[in-house]
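Here the structure is laid out as structure tokens; the discussion comes afterwards.
The values are calculated or read from the model by the stated rules, or taken from the named source; none is laboratory data. Since we're looking at a predicted model, the values are computed, not measured. Quick reminder, even Gly has a Cβ in these numbers, built from the backbone with ideal geometry, and neighbours come from all protein chains shown.
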Amino acid sequence: MRKPLGGALLALTMLIAPSIAQADSGVDVSNYQGCVAQQRARTAKDNGVAFAFVKVSEGLGFTDGVADCSLTGFAQVGVRRAVYHFARPEYGNSADQEADWFLSQTKGYVGQGILPVLDWEPGGGQKSNVAWAKRWLDRVAAAWGTKPLIYMSASTIGMADWSSVANADYGLWVAGYPRGYAGERLRDPGAVPYSVAPWGFAAAWQYSSSGNVPGIGSAVDVNWFYGTAATWAKYANAPIDTVTHPATSTPPAHVAPVQTTTTPTGDANALATAVIQGLYGNQPQRQKLLGSRYAEVMAIVNRRLNGAVTSSGSYVVRSGDYLSKVWPQTWPAIAALNGLRPPYTIYAGQTLRTSGGAAASSGRRYTVRSGDTLGAIARRLGVPIGAIHGYRSGNPNLIYVGETIAY
């Protein structure tokens, strides 16, 4: 059971668990839904969404390209937020490695009333690897100063003894779909109809993956949280105000606008993002606030807005990038140029073309064979990796046997 803050949450949740009167509805989203910016988030909230679990990372090296955008959108309308990591122990990654990757992608969200979450649905016979999961939870808890939730299906609970996790006060977000995959909606699903032992109760229940949620989509994971905003704040070890009125200024690389003549410090790319968001105003205020960093930062801003990122006509995706962040006005053209389709997912390390003809103009095709990698295909065809496009994952490290790619 949870009992941070001297057992206050335990007392509160024990009162809440038998009854659902103080519970509320929410969603979990990832790049499949695209960026849930402010207007979409407002529509969702108006239709009953009180909280959102947002995917941020997976395994080692993957960052969800729209996470920052969606987290900002939800914050702007006062929807409570959680961030989750999809575990991949079956890839041979250690719990420490994946925890550190998650921490590197979420450090800017610590202390904002946001819940960290481990999404536990690995393959490769790893679902019963309790020690791996607990190691990840312990490491993240130490860094965040709050204990993460763990998400798993009701069937996974029965595959192993989860007592060490439950007894360490890591709350449970359970998944189970008693109505199958028929169309669903945000509603009160009642009490969880499955055993959640060794947990005394679930903090949240994902009762369908087929929810129709205005503002989000028609095949959305819908959830019920057994508590109020005050309960959420207890889980997050945060003041209630941080979850009822979330910070909305910037994504994780926090760069607050400077109100004096002091030159701002920090990463130039983060400063450029703040400029594009309007946090540094217009001229002459912007130049005064940026001080000696003005030319450096504005060069990045202009490259992003113009879509001309490099003289070579390509751009290497960085962690935290998404199309509309790098090219706020021209991202549809960049997507078309690179053969990207909804939800327009891009990956750190991916090379995107920023100039030239349409990606599929050559008409040349290649069918992926067993054992192929994108690098090996490029060498065989005598073309740069960046010239190959159309692989359905959008991830240059993930191609499928039998799919047809263009170059």
**Request:** With respect to residue 228, determine if the residue is under 30 Å from residue 149 (Cα atoms) and at pLDDT 65 or above.
**Result:** yes
**Request:** Output yes when any residue across segment 49-71 is in the same structural domain as residue 156 (by TED's automatic domain parsing), closer than 19 Å to residue 150 by Cα, assigned to a loop (DSSP other than H, G, I, E, B) and in contact with a Leu (Cβ under 9 Å, 6 or more places away or on another chain), and no when none is.
**Result:** no
**Request:** Among residues belonging to segment 281-308 that are among the aliphatic types (A, V, I, L, M) and over 30 Å from residue 83 (Cα atoms), point out the one that is modelled with the lowest pLDDT.
**Result:** 308
**Asked** Considering segment 168-214 alone, what residues qualify as being touching a Lys or Arg at 6+ places or on another chain (Cβ under 8 Å) and in a loop (DSSP other than H, G, I, E, B)?
**Response** 168, 169, 170, 171, 203
**Asked** Which residues, taken from segment 155-209, are in contact (Cβ under 8 Å) with a residue 60 or more places away in the chain and out of contact with any strand residue (DSSP E or B) (no Cβ under 9 Å at 6 or more places or on another chain)?
**Response** 169, 200
**Message:** Would you confirm whether or not segment 140-159 contains a residue that is of a type in the set (Lys, Arg) and buried (at least 19 other Cβ atoms within 10 Å of the Cβ)?
**Reply:** yes
**Message:** Against the definition (surrounded by 14 or more Cβ atoms within 10 Å (Cβ to Cβ) and either farther than 30 Å from residue 271 by Cα or at pLDDT below 75 (or both)), how does residue 388 come out, yes or no?
**Reply:** yes
**Asked** Is it the case that segment 124-137 has a residue that's within 16 Å of residue 206 (Cβ to Cβ) and not in a helix (DSSP H, G or I)?
**Response** no
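For every residue, the table says whether it meets (1) within 27 Å of residue 184 (Cβ to Cβ); (2) more than 11 Å from the chain's Cα centre (by Cα); (3) modelled with pLDDT of 90 or more; (4) of a type outside the set (S, T, N, Q).
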{"residue": "29", "(1), (2), (3), (4)": "yes, no, yes, yes"}
{"residue": "35", "(1), (2), (3), (4)": "yes, no, yes, yes"}
{"residue": "39", "(1), (2), (3), (4)": "yes, yes, yes, no"}
{"residue": "83", "(1), (2), (3), (4)": "yes, no, yes, yes"}
{"residue": "92", "(1), (2), (3), (4)": "no, yes, yes, yes"}
{"residue": "97", "(1), (2), (3), (4)": "no, yes, yes, no"}
{"residue": "100", "(1), (2), (3), (4)": "no, yes, yes, yes"}
**Message:** Six or more apart or on different chains, Cβ atoms under 6 Å: show the pairs whose first residue is in segment 96-110 and within 21 Å of residue 66 (Cβ to Cβ) and whose second is of a type in the set (Phe, Trp, Tyr).
**Reply:** 110/144
**Request:** Look at residue 63 and say whether it is more than 22 Å from residue 133 (Cα to Cα) and among the polar types (S, T, N, Q).
**Result:** no
**Prompt:** Would you say residue 152 is at negative phi, in a strand (DSSP E or B) and in contact (Cβ under 8 Å) with a residue 12 or more places away in the chain?
**Reply:** yes
